[in-house]
1. Just checking, which of Thr72, Thr68, Thr99, Thr40 is among the polar types (S, T, N, Q), within 22 Å of Tyr164 (Cα to Cα) and touching a residue at least 24 places away in the same chain (Cβ under 8 Å)?
2. (1) touching a Ser or Thr at 6+ places or on another chain (Cβ under 7 Å); (2) of a type outside the set (D, E, K, R); (3) in a helix (DSSP H, G or I): which one isn't true of Leu107, the others all being true?
3. Filtering the range 81-106 down to residues that are open to solvent by 80 Å² or more (accessible area, probe 1.4 Å) and touching a strand residue (DSSP E or B) at 6+ places or on another chain (Cβ under 7 Å), which residue is modelled with the lowest pLDDT?
4. Tell me, which residue of the range 2-27 that is part of a loop (DSSP other than H, G, I, E, B) and free of Cβ contacts under 8 Å to residues at least 60 places away in the same chain is least open to solvent (accessible area, probe 1.4 Å)?
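The values are calculated or read from the model by the stated rules, or taken from the named source; none is laboratory data. Note that the coordinates shown come from a computational prediction; the quantities given were computed from them, not determined experimentally. When we count neighbours, we look across all protein chains shown, and the Cβ atoms used for this are built from the backbone with ideal geometry, even at glycine. Each accessible area value is taken on the protein alone, full model and side chains, heavy atoms only, with ligands, DNA and RNA left out. Shrake-Rupley method; radii C 1.70, N 1.55, O 1.52, S 1.80 Å.
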Amino acid sequence: ITGCRFVLCPMSDRYIDIILGAIQKVDTSKVWANTEKHSTLYRGKRIHVLDAVKACFVHAYDPGIHMTMEATFSKGCPGDTDAESYLAEDDGLLNDASTRDIHFPVLCKISLYPMGVTNYMEHIAHIVNYAIDKGIYAGSTHYVTVLECDIQELFDYFNYVNAYCAEQISLYVFEATLSV
């Protein structure tokens, strides 16, 4: 099961309406969803989790409001069985039609934490090099890699990273902070 816990932070006195409005616009029929006071969690198949997270961020976007999203993607926690029924869903993306033609620039910092493997730096280097090859790498600093690109490119990259990690690593945490 892939999961993503995230927090939307619009810098507006309308932040409650922006956050809850975006969450309500997301079709979560193919993911297990839970919104609490601190964050929202989507769990299920990787492609549906990413589809829902992207839709939430895109629906919250307003070019006149600074906003960030803190997102933690993970797969492989032992005993993690909530939402297993969602793994049987087909691959049709429910939110893609409402988000795929929306474009805006985004700045993002990422960190990958491969768990339980001795060659963890190889995996981190792989996803950083992939960002360089895609032309979205904007630099590195302590503990993070910085990306700068269009929102569609960023979520394509997130999909690649999560797919790569699911195939290569039994347990990982991938953190991202998006800023618009």
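1. Working: Thr68 fails: within 22 Å of Tyr164 (Cα to Cα); Thr99 fails: within 22 Å of Tyr164 (Cα to Cα); Thr40 fails: within 22 Å of Tyr164 (Cα to Cα).
When all the criteria are applied, what remains is Thr72.
2. (3)
3. Ranking the candidates gives Asp82 first.
4. Here is the first cut: in the range 2-27, the residues part of a loop (DSSP other than H, G, I, E, B) are 11-14, 26-27.
Going one step further and asking which of them are free of Cβ contacts under 8 Å to residues at least 60 places away in the same chain, we end up with 11-14.
Values: Met11: 113, Ser12: 28, Asp13: 144, Arg14: 110 Å².
The selected residue is Ser12.
Yes or no, residue by residue, for (1) surrounded by 15 or more Cβ atoms within 10 Å (Cβ to Cβ); (2) out of contact with any Ser or Thr (no Cβ under 8 Å at 6 or more places or on another chain); (3) touching a residue at least 12 places away in the same chain (Cβ under 8 Å):
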site: Thr118; (1), (2), (3): no, yes, no
site: Met121; (1), (2), (3): no, yes, no
site: Val144; (1), (2), (3): yes, no, yes
site: Ile151; (1), (2), (3): yes, yes, yes
site: Phe155; (1), (2), (3): yes, yes, yes
site: Tyr164; (1), (2), (3): yes, yes, yes
